[in-house]
1. Which one is surrounded by the most Cβ atoms within 10 Å (Cβ to Cβ), of the residues in region 215-240 that are touching a His at 6+ places or on another chain (Cβ under 8 Å) and closer than 20 Å to E178 by Cα?
2. What number of residues within region 188-201 are open to solvent by less than 10 Å² (accessible area, probe 1.4 Å) and either in contact with a Pro (Cβ under 9 Å, 6 or more places away or on another chain) or over 17 Å from T97 (Cβ atoms) (or both)?
3. If you scan region 130-180, which residues turn out to be closer than 17 Å to S106 by Cβ and assigned to a helix (DSSP H, G or I)?
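The values are calculated or read from the model by the stated rules, or taken from the named source; none is laboratory data. Everything numeric in this text was worked out from a predicted model, so none of it was measured. Note: ideal-geometry Cβ built from the backbone for every residue, glycine included; neighbour counts use all protein chains shown. Only protein heavy atoms, including side chains, enter the accessible area calculation; ligands, DNA and RNA are left aside. Shrake-Rupley method; radii C 1.70, N 1.55, O 1.52, S 1.80 Å.
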Amino acid sequence: MENSNNFNRRKFIATGALAAAAMAVPNTGFSHPKSQHKMGKITSALPTRKLGSLEVTALGFGEMNFVHAYGTPIMNRDVSIKTIRHAYDRGVRFFDTAEVYGPFKSEELVGEALKAVRKDVVISTKFGFDITADGRTLGKNSRPEHIKRVCEESLRRLKTDYIDLYYQHRIDPEVPIEEVAGAVRELIAEGKVNHFGLSGAGEATIRRANAVQQITAVQNHYAFWSRQPEVEVLQTCEEL
């Protein structure tokens, strides 16, 4: 009986969370009273934090589940765009996506939803996969020439001329991380990228990449049940 009650409680919490998210959708404008962009600085009712030299709101918004992953994806363009705009109206200024989400669809949603307030938000996206034009993911690919090509494609989908934070999504064992960091350093020099990040990286990779181009952020799985970053990554990030 106790197990049944626990299951019902979890089901109730999950259902309530989905209902709350659905109720949040109708607010579609950019009406937040503290959303004005002032002198290149994020303005929001939410507290902000620094990732290296990059200022972001303490609460970010990830656009992965619009198209796949945890639970049933929304897969509705209008609802997805309204949800992103609602997050903005509630003070969120940090939005995270990736080319592989969809593939491509998540970046398109972010670009459409935030084009009117682009200068007031931080957008992060990711590279690192070999994806065909029809959306088939063939494996990892972080060759420098590939990074530069897919960066242009992400810029187009995001309806912007710069990416605030550009992550390598997964480490490519076929390409030295120094070459990856060097390619992103060139994109930064060209003004197409502002900051470099790594996703799914360990201490040694972070140090090697940072020696070529400063790492602004590391995005790894970290939760009560996934605490591997505590072993080496968090201390490395603090140090660097």
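1. Selected residue: T216.
2. 1
3. Once the filter is applied, which keeps residues that are closer than 17 Å to S106 by Cβ and assigned to a helix (DSSP H, G or I), region 130-180 yields V150, C151, E153, S154, L155, R156, R157, L158.
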